[in-house]
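First comes the structure, then the notes that go with it.
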Amino acid sequence: MSAAQDKISDLFVIGGGINGVGIARDAAGRGMSVTLAEMNDLAWATSSASTKLFHGGLRYLEFFKVRLVREALIERETLLRAMPHISWPMRFVLPYHKDMRFDSDTPTSRLLTTFMPWMKGRRPAWLIRLGLFMYDHLGGREILPGTKTLSLKGSAEGAPIEDRFELAYEYSDCWVQDARLVVLNARDAEARGAEILVQTKVTSARRDEGIWVIETTDQRSGETRSHRARALVNAGGPWVGQVLQETLRLNSREGVRLVRGSHIVTKKLYEHDKCYFFQGEDGRIIFAIPYEQDFTLIGTTDAEHAELSEKPRCTDDERDYLLNFANNYFTRDLSAEDVVWTYSGVRPLYDDGASSATAATRDYVLKVDDTGGAPVLHVFGGKITTYRRLAENSLAKLVPYFDGMEGDWTAGVPLPGGDFPVAEVDARIAKLQDSYPFLTPKSAQRLFRAYGTEVTDILGNARKSEDLGRDFGAGLSEAEVIWLMEREYATRAEDIIWRRGKLGLHLSADQVAALEDWMQNRHAASAA
Ligand SMILES: Cc1cc2nc3c(=O)[nH]c(=O)nc-3n(C[C@H](O)[C@H](O)[C@H](O)COP(=O)(O)OP(=O)(O)OC[C@H]3O[C@@H](n4cnc5c(N)ncnc54)[C@H](O)[C@@H]3O)c2cc1C
């Protein structure tokens, strides 16, 4: 028996998306021994492809999902306080026009059609105001400003959109760098004793005398390893069903519904820092969001994604749908040539039998199976916003199997780099710029927003940019790349340019190839 087989950990987590790392961090902080395996890079799948909002989900109110919305609304500020570097408040502008028509099939629209047939599918202003009133008051709002009505005529918010929109409602939600959220949770889990394995696929798991025996394969070296654990968590995201049926070979009727969502990115479409919430004639909504300083992010779509083995990508139809949707609002006519990047992700929704992809529940469902002795917890659905609560609820489900398990602890505990008050962000960015005058204002902002108080661990005593080593372009220094490889599990250039940050929007193909070479050489040298 190998050393790895000797050790029996409390929990083995399959999947390094937000739900897997959130559960691993929570469990490790309760003193449990935890191993997590991710078959690719952390946040490689859905958790780097979201719209990146900590939000209650205004539109879910039309589905009467009050519990989900309330939990998420309360969570926004809890999370903002714990990570004021990688998340920040945003204002959303919802333009309104009385003749806007919708063909929506929500419980609310069906009620309206029954009791107010003369509205003919229109979403009346009072309904939007009622929704926003609930949004403001359902729970937990201390930092974020409330809703207000906005006259668009002659205003900065009205400038980029068509004149027929004279009125808008403005409300609050938050932005989060989703993939950084995943990495920081993994780092904090590791700091609390968890073992985090990236590029490590779980190939099988079986119960043996009340213990899980898990086989993994290192995707780079091909090396296989056995692990043993008292409990298993299946946080495989879109693969949750595949893990359940093929990797664990369990019989279950639980199903996952794969719903693809795509985003397009254009050069910055307007100057102010607020987002737009656009309503479409099909009853759906999309956002247009200031993105990575120089860009605008537009999304998302809802499309059934039948083939799990097919990497999700934004189809031409989805791109055109988003362009047409936005063109109904913006004065500027956008075309395919304006799109500089697209990305897509698959929502692993619990299959609740809903008729349409848009209507399928966004709530999470946790299922424990202990028929063979040792428990396995399957995670279906969820949102980035509710990952911390999902982790707490997951641990609550495992309490019966761990005598004396410690209680909830994560609310109010900052993630790495987030140990400062929300209100101090601007002052801290200004101080960083003072301490390192060679940084451009954009770089100072990017670095602080990525690393928070840990940024000085990367920049050290540098007095000029050359002190940070090689410059890979767009302000990416050798010192930062080393930090990402040594401290943030990055193994390839794409991990750095699309998940630890979004410098891929600025780097050329040659610069990316040079970064990849440099990383592989460094990896080989350290392995030698
Ligand atoms: C288009 C879109 C927009 C969204 N916008 C928002 C938003 O604005 N706000 C919000 O709160 N939520 C949003 N969400 C929802 C949110 O992104 C997801 O609910 C969340 O990321 C799911 O995380 P996860 O950990 O369950 O799955 P994933 O992030 O997909 O992680 C699962 C991981 O498991 C790994 N894995 C699978 N099988 C194995 C195996 N055998 N061995 C090892 N590893 C394995 C995979 O590689 C993967 O990395 C959005 C989702 C989409 C698709």
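Throughout, read-outs are computed from the coordinates displayed, never taken from laboratory work. Values in this document were obtained by computation on a predicted structure and should not be read as measured data. Cβ coordinates were reconstructed from backbone atoms using ideal geometry, including for glycine residues, and neighbour counts include every protein chain displayed.
At a glance:
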item	result
Net +/- balance of residues flanking Val13 in space, Cβ distance below 13 Å, scoring K and R +1, D and E -1	-3
Distance in nm between pseudo-label sites at Asp208 and Met405 (7 Å out along the Cβ direction from Cα)	2.5 nm
Cα→Cβ-extended label distance, 7 Å offset, between Val340 and Glu166, nm	3.6 nm
Filter on Lys383/Lys464; Lys397/Lys502; Lys153/Lys502; Lys7/Lys397; Lys201/Lys502; Lys201/Lys397 - keep pairs with C-alpha separation over 31 Å	Lys383/Lys464; Lys397/Lys502; Lys153/Lys502
C-alpha center-to-center spacing [the stretch 472-528, the stretch 384-463] in angstrom	22 Å
Sorted by Cβ neighbour density within 10 Å, fewest at the top, the residues Ser48, Ser204, Ser443	Ser204, Ser443, Ser48
Modelled FRET efficiency - R0 60 Å, Glu223 with Ser508, Cβ distances, 0.05 increments	0.95
Cβ-defined net charge surrounding Arg67, 12 Å radius [Lys, Arg +1; Asp, Glu -1]	+2
Hz values of 3J(HN,Hα) by residue in the stretch 153-159 - Karplus curve (6.51, -1.76, 1.60), Gly and Pro given as x	4, x, 9, 4, 5, x, 4
Residues whose placed amide H lies under 5 Å from that of Thr200, excluding near-sequence neighbours	Glu38, Met39, Asn40, Gln219
Charge tally in the Cβ shell below 15 Å around Arg141, where Lys, Arg are +1 and Asp, Glu are -1, Arg141 excluded	-2
